[in-house]
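Participant: Input: one structure, supplied below.
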């Protein structure tokens, strides 16, 4: 179970799943494209064993869930929502700007929210009201007018309550690749969206990637993973608990300890064996342990290099001087510093977003934030003085490229 890992082999397994399901997902997309709502109902019976009467979940049902769900949980959701909102509001502050960079030349950026986006909130093995908050709140903070959510049936009332707290506009009880296809292509019941965000299984991820021609996506986000950089100062019990916390998400979850101390690796393995004896999700944990292990690094510089090669969804740094290690890290979705920052805090209530790229895609993509729900336009405003400052350069380069009309559009303003 707990064993040293071959990094190349481990990375390869993280990506392999997408290729395995592309044909099946393409068939599901074709069914939704051709059959619309009828195909959505048929696919829901096939995969979720649920016969849908209504595809949409009304606002009245969502508000009822908000009133009838345990009010302590509702208060906790509201507390988490406020922290998530606060963090994402800081991201958008001063995002549009205009500045005079030279006399008569003003440059800037205009940030414009998308009009309609889709969010996927997983279901199945567990309900994820926290993901509802993470997907919807940043979109609303960004100014998106219409936020659509799909989540597999039967939908947990706590998820519906979270969506209502977050400010969702439309909710549909649909899961899997068919939900992504419905949001991207549209059906009789669902108008298409401009962008789709949110995590899901390998089928959901493959569907998002195959449908980018119709709706942009955030990034590939599949089964959860964590890397932990630890030296001899790390608490083995803390490290073990962080590994199991991510491993319990999904049988395909993957966890890796990168340590400079072989004794720490042994103690973490022993601690996990004890914790696994009483773990609530033992079946899932035993299967995800097949994707879990450790690497011994010669020093923390090499540990950071290995972590960058892995490009983990979550990175925990549990060393004597974690901020020095942080400076060396380039590829990670979300980073947790020190022994008292478990990944679970970012999953729920610190305020950062837990929708993150997995399977090494953190080397290419950033985690979900308000800018995923916006597009930018560069802005320039010149008066005659400003035009004169750069006119010679523009005319010269335009003439060199043979674009006479470009040069003429400047020249006429200088002489007119």
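Participant: Kindly work out what percent of the DSSP beta bridges joining two residues of the chain are antiparallel, to the nearest 5.
Facilitator: Taking every DSSP beta bridge with both residues in the chain, the antiparallel ones total about 30 percent.
Participant: Using per-residue counts of other Cβ atoms within 10 Å, averaged over each peptide, order 21-29, 399-407 from highest down.
Facilitator: For the peptides 21-29, 399-407, the packing ranking is 21-29, 399-407.
Participant: Now for a different question. Please give the helix 384-400 orientation as an angle from the longest Cα principal axis of the chain, in degrees from 0 to 90, rounded to the nearest 10.
Facilitator: 80
Participant: Now a separate question. Using Cβ contacts closer than 10 Å as the measure, can you line up 243, 412 from fewest to most?
Facilitator: Exposure proxy ranking, most exposed first: 412, 243.
Participant: Which of 374, 255, 149, 345 comes first, and how do the rest follow, when ranked by fewest Cβ neighbours within 10 Å?
Facilitator: Going from sparsest to densest Cβ surroundings: 345, 374, 255, 149.
Participant: Let me ask another. Over segment 1-151, consider all pairs of different Cα atoms and compute the Kirkwood hydrodynamic radius from their mean reciprocal separation; express it in Å, one decimal.
Facilitator: 20.2
Participant: Across the chain, what fraction of all alpha-carbon pairs, as a whole percent, falls in each successive 20 Å bin from zero upward?
Facilitator: 24, 48, 23, 5, 0
Participant: Let me ask another. Quick one: Kirkwood hydrodynamic radius for segment 34-77, alpha-carbon pairs, angstrom, one decimal?
Facilitator: 12.7
Participant: Nearest 10 degrees is fine. How inclined is helix 129-142 to the longest principal axis of the chain, computing both from alpha carbons?
Facilitator: Orientation of helix 129-142: about 10 degrees from the principal axis.
Participant: Relative to 2.2 N^0.38 Å, what does the C-alpha radius of gyration of segment 200-279 come to as a ratio? Two decimals please.
Facilitator: 1.43
Participant: Please label the shape of segment 244-284 as rounded, prolate or oblate, based on the square roots a ≥ b ≥ c of the eigenvalues of the alpha-carbon gyration tensor (a/c under 1.5 means rounded; beyond that, a/b larger than b/c means prolate, else oblate).
Facilitator: Oblate is the answer for segment 244-284, as a/c is 1.5 or above yet b/c matches or exceeds a/b.
Participant: Against the longest principal axis of the chain, how steep is helix 404-415, in degrees 0 to 90 to the nearest 10, with axes from Cα atoms?
Facilitator: 60
Participant: Turning to a different aspect of this structure: Label point 7 Å out from residue 70 along Cα-to-Cβ: which residues of segment 251-280 have amide N under 20 Å?
Facilitator: Correct set: 279-280.
Participant: If you wrap a convex hull around the C-alpha atoms of segment 223-350 and split its volume per residue, what is the figure in Å³?
Facilitator: Per-residue hull volume (Cα only) is 93 Å³.
Participant: Stokes-Einstein D for segment 303-416 at 20 °C, 1.002 mPa s, Kirkwood Rh over Cα pairs, in µm²/s?
Facilitator: Here the translational diffusion coefficient equals 117 µm²/s.
Participant: Given the convex hull over the Cα atoms of segment 92-236, what projected area results after averaging over all orientations, in nm²?
Facilitator: If you wrap the Cα atoms of segment 92-236 in a convex hull and average its projections, you get 13.7 nm².
Participant: By average Cβ neighbour count within 10 Å, what is the ranking of 165-171, 78-84, 57-63 from highest down?
Facilitator: 165-171, 78-84, 57-63
Participant: For segment 368-416, state the semi-axes of the equivalent ellipsoid (square roots of 5 times the eigenvalues of the alpha-carbon gyration tensor), sorted largest first and rounded to whole angstrom.
Facilitator: 31, 15, 9
Participant: Continuing with this model, one more query. Taking the Cα centroid of segment 207-223 and of segment 1-80, what is the distance between the two, rounded to the nearest whole Å?
Facilitator: Centre-to-centre (Cα) distance: 14 Å.
Participant: Of 120, 172, how do they rank once you tally other Cβ atoms within 10 Å and put the fewest first?
Facilitator: So the ranking, lowest neighbour count to highest, is 172, 120.
Participant: May I pose another question? With the cut-off at 1.5 for a/c, could you classify segment 144-194 from its C-alpha gyration tensor as rounded, prolate or oblate?
Facilitator: Oblate is the answer for segment 144-194, as a/c is 1.5 or above yet b/c matches or exceeds a/b.
Participant: What is the diffusion coefficient of segment 280-357 in µm²/s, taking the Kirkwood radius over Cα pairs and the Stokes-Einstein relation at 37 °C with a viscosity of 0.692 mPa s?
Facilitator: My calculation gives 236 µm²/s for D.
None of the figures in this text is laboratory data; all of them are computed from the coordinates on show. These numbers were taken from a predicted model, which means no experiment stands behind them. Because the Cβ atoms are built from the backbone with ideal geometry, glycine has one as well, and the counts that use them run over all protein chains shown.
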